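Right, one structure below, let's go through it.
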Amino acid sequence: MIRLENLTVRFGGLLALDAVSVEFTAPVSGIIGPNGAGKTTTMNVLSGFLDSKGGRVDVEGTDLLSLSAHARTRWGLRRSFQREQIAEDLSVRDNILAMTDHSRASRADKRADLERAIEFAGISDILAKPGAGLNTYERRLTDLARCVVGQPRLIMLDEPAGGLTRDEAAHLGDLILGINDLTSAKVLVIDHDVDLIERICTETLVLDFGKRIDFGPTRSILDNPAVRAAYLGFETGAAADA
């Protein structure tokens with residue numbers, strides 16, 4: 001369970017998140033909305049990159065906002081970004097291995113964890129490749145492998161399908177659906193690919209101008225005329241008549 005209670009963020013006079021409250025319970029949940037809606041801001045607050053001006057975030061009984069950003073990583077928070085955080089001068093293997101640095105696990109357990117992530121992402125054939133030589137799809141897979149090592153509890157993926165072909169996005173979606181079985185971690189996904197969100201996210205939160213517009217089962221959310229107007233750019237009346 002991931003519970004946000006009255007989460008509020010201000011940038012000067014701009015209210016980026018306006019007392020957003022929601023409770024995610026599904027293994028994979030989505031956050032959608034137009035550009036500037038507050039999606040990445042929400043992830044940045046959960047990650048510890050931004051301070052909230054009010055509210056609380058509870059994840060499986062842990063008060064996440066009381067922890068430093070570093071402590072959240074040690075607790076089990078993982079995050080991918082719209083631009084992947086891949087070290088260009090390190091091999092794929094070393095990029096993934098770096099994510100175990102914070103772990104107190106034994107060397108043998110770290111090695112087993114690494115091999116499990118490699119097998120999960122299906123990237124054994126590119127392990128020696130430097131980050132600088134990876135294409136977009138390989139970078140996404142490497143980033144996903146980095147997220148599943150070190151006993152994660154919460155994995156947040158920001159535009160994971162960005163720049164991918166339809167087939168690549170579909171395969172990535174299959175992998176995301178397998179994360180909870182692999183690690184027991186809850187997953188939050190931001191993406192503009194509505195087909196991907198509908199397929200992998202059991203429940204979805206819609207934000208617009210920092211406000212909660214709707215939340216619930218993904219298919220019903222996407223059928224909501226107000227959501228279609230805010231997110232898909234339809235006039236509310238036209239959406240209702242469609």
*So what is the 222 nm mean residue ellipticity for the chain from helices alone, if each DSSP H run of at least 4 adds -39500 (n - 2.57) and you divide by all residues, rounding to the nearest 500 deg cm²/dmol?*
-11000 deg cm²/dmol
*For A132, what charge total do you get from the other residues with a beta carbon under 10 Å from its beta carbon, if Lys and Arg give +1 and Asp and Glu give -1?*
-1
*At 1.306 mPa s and 10 °C, Stokes D of the range 114-172 from Kirkwood alpha-carbon radius, µm² per second*: 131 µm²/s
*Cα-centred dipole magnitude for the chain, charges only on beta-carbon of K, R (+1) and D, E (-1), debye, nearest 20*: 800 debye
*Using only Cα atoms, tell me the angle between helix 136-147 and the longest principal axis of the chain; keep it within 0 to 90° and round to the nearest 10.*
80 degrees
*Which one is right for this structure if Rg and Dmax of the Cα atoms in Å is calculated from it: (1) 18.1, 61; (2) 18.1, 56; (3) 20.0, 61?*
(1)
_Given N residues in the range 24-148, what is its alpha carbon radius of gyration divided by 2.2 N^0.38 Å?_
1.16
_D_trans [Stokes-Einstein, Kirkwood Rh over alpha-carbon pairs] for the range 6-66, 4 °C, 1.567 mPa s, µm² s⁻¹_ = 106 µm²/s
*Per residue convex hull volume, Cα atoms of the range 125-223, in Å³*: 126 Å³
*Which residues' amide hydrogens lie under 5 Å from the amide hydrogen of R79, considering only partners 5 or more residues apart or on another chain, with H built in the peptide plane?*
M156
*Could you go through the range 3-10 in sequence order and give the Karplus-derived ³J(HN,Hα) for each residue, using 6.51 cos²θ - 1.76 cosθ + 1.60 with θ = phi - 60°, rounded to whole Hz, and x for Gly and Pro?*
10, 9, 10, 6, 5, 10, 9, 10
*Estimated inter-spin distance, L90 and V194, nm [label 7 Å along Cα→Cβ]*: 3.9 nm
_Filter K110/K186; K129/K186; K39/K129 down to the pairs with a C-alpha to C-alpha distance above 24 Å, please._
K129/K186; K39/K129
*Hey, what angle do you get for helix 107-121 against the long axis of the chain, alpha-carbon based, 0 to 90 degrees rounded to 10?*
50 degrees
*HN-Hα J in Hz across the range 162-171 - Karplus 6.51, -1.76, 1.60, θ = phi - 60°, x for Gly and Pro*: x, x, 9, 6, 4, 5, 5, 5, 5, 5
*Measure off 7 Å from each Cα along the Cα-to-Cβ vector at L182 and M1, then give the distance between these two points in nanometres to one decimal.*
2.8 nm
*Using θ = phi - 60° and Karplus 6.51 cos²θ - 1.76 cosθ + 1.60, couplings along the range 51-65 (whole Hz; Gly, Pro as x)*: 8, 7, 9, x, x, 8, 10, 10, 10, 6, x, 9, 7, 4, 5
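Each value in this text was obtained by applying a stated rule to the coordinates, not by laboratory testing. This structure is a prediction, so every number in the text was calculated from the model and none was measured. Backbone-built Cβ (ideal geometry, glycine too); neighbour counts: all protein chains shown.
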